[in-house]
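The values are calculated or read from the model by the stated rules, or taken from the named source; none is laboratory data. This is a predicted model, so every value here is computed, not measured. Neighbour counts are summed over all protein chains in view; Cβ atoms, including those assigned to glycine, are modelled from backbone coordinates with ideal geometry. Ligands, DNA and RNA are excluded from the accessible area calculation, which covers all protein heavy atoms including side chains. Shrake-Rupley method; radii C 1.70, N 1.55, O 1.52, S 1.80 Å.
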Amino acid sequence: MNNLVIVESPAKTKTIHKILGKEFTVKASIGHIKDLPEKDLGVEIENNFKPNYVVIPGKEKVIKELKKASKEADKVFLAPDPDREGEAIAWHIAHEISEKKSQPLNEKIYRIVFNEITERAVREAVKKPEKIDMNKVDAQQARRILDRLVGYGLSPLLWRKVRRGLSAGRVQSVSVRLVVEREREIEAFKPEEYWSIRAEFEGSQPPVFWARLYKTSQQPKTDSKSLIPDGEAANAIVADLNDKEFVLSKIERKQKKRMPYPPFITSTLQQEAARKLRFPAKKTMSVAQQLYEGIELGEEGAVGLITYMRTDSHRVASEAQEWARKFIEKVYGKDYIPEKPPIYKSKASVQDAHEAIRPTYPDKRPEEIKQFFSKDQHALYTLIWNRFIASQMSPAQLEQTTFTIESVHAGQPVSLYELRATGTVIRFNGFMALYIEGRDNGEEEDGELLPALKEGETLKLLNLLPRQHFTMPPPRYSEASLIKALEERGIGRPSTYAAILSTIQKRKYVHKTEGKFFPTELGIVVNDYLVERFPELIDIGFTAKMEDELDRIEDGKMKWVKVVREFYNPFSHDLTEAIKTTGKVKPKDIPTEAICEKCGLPMVTRWGRHGRFMACTGFPKCKTTRPIKTESAEHKTHDIEKITQLTEEKCVKCGALMVLKSGRYGKFLACSKYPECKNTKPLSTGIKCPKDGGDIVERRSRKGKPFWSCSNYPRCRFATWYKPVPQKCPKCGTDFLLEKNNKGGTILFCHKKECGYKETEKAPSEEAV
């Protein structure tokens, strides 16, 4: 019997073929095969929003191969990913390969779903094939159509009102709004001064310890910000404390349990990888996809090492809990196994279609298979392994101790001042033996180590430390905290967080400096315009409601046409009204102290196609312009052509260190001894030229468009408009692939034309935009 299995990714084919054997042929669709047309709306609004799907350019050959293979097969099993996008891909494939277009799912074509690529899961899926879930298909279709309607409506409007080449969309715009509003909170924030006083004490037993002033008889409030308002009050209290004696009036001990963290879901994996590994969300998902689809483990072949990585459920299969308990007992002992396997609750809105993200095999410990991993694969797999095992371990047993210290007079407490010291002792480390979650900025650590003292002891004051503080504005979003904010507000879904963060940076609405998101001026302009003209569209509550309705479509509780129509009617009205308005939207010129060197008139900063620049107020008579000074994260100005970063590379002409600069055509290396030495060189990508072994470097054309070429130009003529990616071609083994981005996602293809390898990274349509 000849059976055909169709998956999305070529990387899965090896893993699944190894599991199913010779009776099965495994082919890949390489992502979506059909989509809405690129150059047309592709949606018949007056015909119940009927979508007109077309074959994605370049996928004709793939479809032809799938049709041929399906004709030769006795059974066809559609096995794209177990989510909405995967269901839509399976639906489109079924329509293309079926001989009866009116009945694409017949006795020969089946849908199979598995949460992990293991022999047990894959074989069980083949034994119990299902039908395509049309509710999932409808939910994906609704999202795709909504995003197309918004994209095709707003993008041309922004071209006319702000700048050519701009785009906007449902979820992207709300995400930018969060960043812009946080920046405005920071700008509007007025810091308030307050002081703290810490005292160092010595008791009858070491070590010495620090306590903080908790309250005074004049100021019984325990809020540290109102306790000591200024330096004058702090100095007065310090002077008074120096004349006092102190007694340990109370010792309070509390036994606390610290429960283990639940296994990862998509959002928490992205947050923790950002905190601990400094991975952007997009990189986290890319590496997780590799671990899910299969890693070559020597003679064992390709093995899928984790469960499906797009999930919002904390559910864990009972067999996985069982092997985890056996592993914990063997490595850590019986005390580290809880009486019953823990059950972690998920949010009410969770679909619960998939398990949490966990390892698939108990015998694949990270250190034992490290030699088969890249550095990033090993780091992420270790994180997932440790988090899952820790989630099945016993709680940690902590003892929190609080010392209450009072000032005394003539040996008697007079309650003028009360100080407190808090410390935590780990009595049993439990899951903490393996894993402790990373912290975001501003989260406090546990208290210090306290000595074993007795109530009523007299304490010796060793030191007093007054310290000035100022209240702080809310922190800017990091990747981890922005994903957390999106999740808490119900914006986006597990499959979209990485794409959202990537898109808003790619479109230059925000930029990331030292791990924090800042809105660009362009992002602020676009956000303010959309808030004014489309208040409902980028309302956070409205966007969350739309996500909820898409979930209800998937659950079969709502019809997709009704959801789209209820969205489109008010949106279409707002769009029509916005189009009627005249004039461009742009920031005003900002006066500066600079003087034009040609005519002596003042200079202003003016909004242009590529951001702000310096311009003479005598325009159009005087057309003097020059690059603007920008502001770094530390709020220190620097000209865009000045040194941005010192490197370790030495100048080949004079031996001085090279520096990284930004110029008209992008970043480049220049000698730090300029102008004495004017040596420069392009910035290397770290990838070698396939023709002569030189470095492939990024350059820019006269019009500012990036391209990549050999550093030995013009001796070597290798050049490409597509970004080289340090990833080996799975087909011919060449050292790098080229990356092309379009509306359907990212296409990776081999630079060797004779090879012909090409794959598409599935993009969650435009839900992230």
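Among the listed pairs 256/334; 516/586; 190/256; 340/484, those with a Cα-Cα distance over 27 Å are 190/256; 340/484.
Loop-resident GluC sites (Glu not before Pro) (DSSP state other than H, G, I, E or B) in the stretch 94-166 with no more than 14 further Cβ atoms inside 10 Å of their Cβ: 99, 107. Hey, which of these cross-link pairs are over 27 Å Cα-Cα: 71/753; 282/678; 68/753? Where the Cα-Cα span goes over 27 Å, the pairs concerned are 71/753; 282/678. Derived from the Cα gyration tensor, the three semi-axes of the equivalent ellipsoid of the stretch 440-557 are 44, 22, 14 Å, largest first. Determine the alpha carbon to alpha carbon distance for each of 14/728; 12/136; 18/723; 27/131; 244/454; 254/454 and list only those over 26 Å. Among 14/728; 12/136; 18/723; 27/131; 244/454; 254/454, the Cα-Cα distance tops 26 Å for 18/723. Relative protection proxy for 278-288, 293-303, from highest mean packing down: 278-288, 293-303 (other beta-carbon atoms within 10 angstrom). Per residue, the stretch 138-286 exposes 45 Å² of solvent-accessible protein surface, assessed with a 1.4 angstrom probe and all protein chains in place. Over all pairs of different C-alpha atoms in the chain, the reciprocal of the mean inverse distance, the Kirkwood hydrodynamic radius, equals 30.6 Å. Qualifying GluC sites (Glu not before Pro) in the stretch 7-44, where qualification requires a DSSP coil assignment and no more than 12 other C-beta atoms within 10 Å, comprise 23, 38.
Taking the inverse of the mean reciprocal distance over all distinct Cα pairs, the Kirkwood hydrodynamic radius of the stretch 108-245 comes to 23.2 Å. For the chain, the share of accessible area belonging to carbon and sulfur comes to 50 percent (1.4 Å probe, ligands and nucleic acids excluded).
Both radii come from the Cα set of the stretch 214-333: Rg as radius of gyration, Rh as Kirkwood radius; their ratio Rg/Rh reads 1.29.
With all protein chains kept in place, the per residue accessible area of the stretch 438-589 amounts to 52 square angstrom at a probe of 1.4 angstrom. Taking one quarter of the surface of the C-alpha convex hull of the stretch 281-332 gives a mean projected area of 5.3 nm². Each 5 Å bin from zero up to the one holding the largest Cα-Cα distance in the stretch 229-280 carries the following percent of pairs: 4, 12, 10, 8, 8, 7, 7, 10, 14, 14, 6, 0. Summing +1 for each Lys or Arg and -1 for each Asp or Glu among the other residues whose beta-carbon sits under 10 angstrom from that of residue 87 gives -3. Tell me the trypsin sites (Lys or Arg not before Pro) within the stretch 533-588 that lie in a loop according to DSSP and have at most 16 other beta-carbon atoms within 10 Å. Those that pass, being in a loop and sparsely packed, are 557, 559, 584, 588. Here each label is just a point 7 Å from Cα along the line to Cβ, and for residue 513 and residue 667 those points are 1.5 nm apart. Length, then width, then depth: along the principal axes, the Cα atoms of the stretch 13-163 run 59, 31, 28 Å.
Here's the list of aspartates and glutamates a cross-link from residue 22 could span, going by alpha-carbon distance under 16 Å and ignoring same-chain residues fewer than 8 apart: 72, 74, 119. Residues whose amide H comes within less than 5 Å of that of residue 246, counting only those at least five positions distant or on another chain, are 408, 459 (H built at 1.01 Å from N in the peptide plane). The gain in end-to-end length when the residue 185 to residue 599 segment is fully stretched comes to 145.0 nm, 0.36 nm per residue minus the alpha carbon separation.
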